[in-house]
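Shown next, in structure tokens, is the structure this report addresses.
Bear in mind that the values in this text are calculations on the coordinates, not laboratory data. On a predicted model such as this, the values are computed, not experimentally measured, just so you know. Positions of Cβ are generated from backbone atoms using ideal geometry, with glycine treated the same way; all protein chains shown enter the neighbour counts.
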């Protein structure tokens, strides 16, 4: 009996990712390449990211197929846009889409598209044991997204309704901009988290939110004003404290608005221990929070591979829980 693998590709703003799972959702390969960002800059232009994805994908494909030699590809899913919306588009997703379509034609396997956001949610679900609700809340918080979502399971896919977002500046951008202002390398999240561990005070940057909507431009201005007068460690701690308090506020609103008491935490910012710890403590007796492992909180293609399995895998063995997942 052939051993089947299911492929996932994600080419986001800062990471090229290629992954494969088997028909029990065990990860067979999870390969990623961070995009290179020049010193003293705060990101990449789409053209720069596009070019790096074109360079990275062949090497990652070679690694993955060498690692899964002897397996038979049975389906592929690729992130082709940031969100599951008709007008959601970024050029950086085109290299992955082109490779997925080429592989599907060469290997004679089915292929389909998903969004970067759905990929993150599926990856988070795969390592968030216990979340069995058909309807739940999700926070997708990263450098390019700060969304409060209502998620409904429907067969092999998800139905996602946006309840709120950060309209001016995403939480991850807030983190990165202040990190760079403090002399850290972009992306600055992990370095800023290490610096925050040395803090002695919370400077209480303002938390701006209303009816699920969030804003981080005001907090960024407050943090920039503090750069010349406060300890860097205190500024770092206060940035994460501000993000955590803002997310707490929108979750309190969402609980009242929807009645949902289960929350999935996804995206790179949610890998921050200070933010996750704060939310867990504040909602310990009120909401059930489910987090991805740090490895699958950041950008990856595992969620897309799992979605390929759900769409094209054998019905009687298709993954329906968390007990067989390995990373």
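Computed from Cα positions, the angle between helix 171-181 and the longest principal axis of the chain comes to roughly 60 degrees.
Between residue 155 and residue 293, the modelled labels are 3.1 nm apart [label points 7 Å from Cα along Cα→Cβ].
Using equal-weight Cα scatterers in the Debye expression, the normalised intensity of the range 1-158 in log10 at q = 0.12, 0.17, 0.21 Å⁻¹ is -0.55, -1.09, -1.48.
For residue 102 and residue 168, FRET efficiency with R0 = 41 Å and r from the beta-carbon atoms, rounded to 0.05? It comes to 0.60. Entry note, the chain: relative contact order of 25 percent, from Cα contacts under 8 Å with a spacing of 6+ residues. For the pair residue 185 and residue 204 in one chain, pulling the backbone fully straight at 0.36 nm per residue adds 4.4 nm over the alpha carbon distance.
Taking the Cβ-Cβ separation of residue 132 and residue 42 as r and a Förster radius of 35 Å, what is the calculated FRET efficiency to the nearest 0.05? The computed FRET efficiency comes out at 0.30. Debye-formula intensities of the range 171-291, expressed as log10 I(q)/I(0) at q = 0.18, 0.19, 0.20, 0.23 Å⁻¹, are -0.90, -0.99, -1.08, -1.35 (one equal scatterer per alpha-carbon, no solvent).
Rg and Dmax of the range 228-291, both derived from C-alpha coordinates alone, stand at 13.2, 44 Å.
The residue 225 and residue 67 beta-carbon pair, evaluated with R₀ = 51 Å, returns a calculated FRET efficiency of approximately 0.55.
Most simply put, the chain has about 65% antiparallel DSSP beta bridges, counting only bridges with both residues inside it.
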